[in-house]
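The values are calculated or read from the model by the stated rules, or taken from the named source; none is laboratory data. Here the structure is a predicted model, which means the values were calculated and not measured. Glycine gets a Cβ as well: all are built from the backbone with ideal geometry, and neighbour counts include every protein chain shown. Keep in mind that these areas ignore ligands, DNA and RNA; they rest on the heavy atoms of the full protein, side chains included. Shrake-Rupley method; radii C 1.70, N 1.55, O 1.52, S 1.80 Å.
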Amino acid sequence: MDAVNTRYIMIWDRNHSMANHNITFTAQYKFSHTQSDEGTYTGVCVRITEERCDFSKELGFNNEYILRVRAEGRGQMSNWYWLKFIPDEHAALGPPSNVTFDPGDAMLTVSFREPMAEDNTPMSSMLVMSFSLQYWEKHSPSKKQERVFDTTEGTLFPLKPWTEYCLQVNAFSKPYNKTSPYTQQQCVRTLGQPPVWKVLLALLGCVGLMTIVPVYRCHKKRKSLVSKHTFPSGILHNTQDPISLLLLPREESCAVTVVMAVQVEQTSQGQQQQVKGQGDVEAEQDSGSSSIQRGQGSSSQDSGIYSGEDSGKRSAGSTTTSQPEERH
């Protein structure tokens with residue numbers, strides 16, 4: 001049975017292997033204290049194809065009944081399947097509905113609608129009911145408090161001013177041992193002066209917002225200006241110490257010495273100097289590399305490379321002139 005308040009619906013399963021056959025169902029009831037004969041049953045659902053039958057309009061809340069159902073088809077009928085149903089014991093109690101709040105100064109007035117029967121009459125006309133209201137501060141759900149009311153309206157007082165509370169309510173009946181589920185929680189804020197710390201926190205939030213927004217705008221403007229220009233990659237991505245960029249290594253210098261070999265010949269007609277030689281270049285580096293001299297004489301009698309002393313020994317009439325030139 002699917003039974004809540006005064007809604008009583010019997011539900012059953014069928015043999016799905018016969019789904020292709022035209023199967024119908026018949027459901028009946030009778031009072032449990034009457035004799036078990038066919039004449040005492042009253043049909044509610046006759047030859048229906050659905051697998052459920054609504055007995056809500058037929059059964060009273062404070063009585064005991066026997067309900068039964070069978071399958072029919074292809075000229076055959078199944079056995080009856082029956083159950084005993086006592087509404088005031090087996091039917092569940094539904095939750096209240098239409099919960100509303102009226103917030104006040106450090107207080108809340110709560111009103112709601114009690115569970116209703118299928119004919120829209122209050123369930124309190126059939127059983128004794130009370131209502132339990134749970135409430136808590138929204139940021140502290142583990143600290144729930146509870147108030148019990150015998151009517152559908154109650155006031156929670158005293159509460160903290162300017163504080164958000166959450167509430168839920170259910171119905172219960174001690175004589176019938178029934179308790180309904182709680183309604184869905186709803187939250188509302190009380191009235192009154194807010195605490196000082198909340199005011200200060202709001203002021204600090206405003207000040208912080210007024211400070212952050214201009215700084216953010218300035219940073220964004222600066223970033224947009226920088227993005228418009230292209231800087232050398234050596235500046236943007238250089239990881240070297242800036243000071244070391246100024247201390248460049250000193251250039252290496254080298255000295256170049258030019259050696260000219262000059263040969264002077266005396267002729268019989270007089271002293272006439274004829275220069276027959278070519279200059280060789282000797283490169284002397286600071287590292288101490290050896291110098292290379294190469295000379296080529298125009299005369300077939302004398303050719304080669306000589307130093308100053310060697311030239312004096314080999315020819316008295318020959319003079320060697322050396323003129324160094326240093327280049328950096």
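For the range 17-109, the set of GluC sites (Glu not before Pro) satisfying both a DSSP loop assignment and a count of at most 12 other C-beta atoms within 10 Å is given as 50. About the centre of its Cα atoms, the range 2-90 shows a dipole size close to 260 debye [charges on the beta carbon of Lys, Arg (+1) and Asp, Glu (-1) only; nearest 20 debye].
Please get the size of the charge dipole for the range 97-190, origin at its Cα centre, with Cβ charges of +1 on Lys and Arg and -1 on Asp and Glu, quoted in debye to the nearest 20.
380
Once you reduce the range 163-183 and the range 1-57 to the center of their Cα atoms, the two points are 33 Å from each other.
Would you work out which of 180, 161, 125 lies farthest towards the positive end of the dipole of the range 97-190, given +1 charges on the beta-carbon of Lys and Arg and -1 on that of Asp and Glu, about the Cα centre? Positive-most Cα among the choices belongs to 161.
Of the whole protein surface, residue 204 contributes about 120 Å² of accessible area at a 1.4 Å probe radius.
Across the range 97-190, the mean sequence separation of Cα contacts (distance under 8 Å, 6 or more residues apart), normalised by length, yields a relative contact order of 31 percent. Report the far tail of the P(r) of the range 2-90, meaning the percent of Cα-Cα pairs longer than 21 Å. Above the 21 Å cut-off, the range 2-90 has 31 percent of its Cα pairs.
The residues packed around residue 85, meaning those with a beta-carbon under 12 Å from its beta-carbon, carry a net charge of -2 if Lys and Arg are +1 and Asp and Glu are -1. How high is the relative contact order of the range 2-90? Use alpha-carbon pairs under 8 Å, at least six apart in sequence, and give a whole percent. With pairs under 8 Å counted, the relative contact order is 33 percent.
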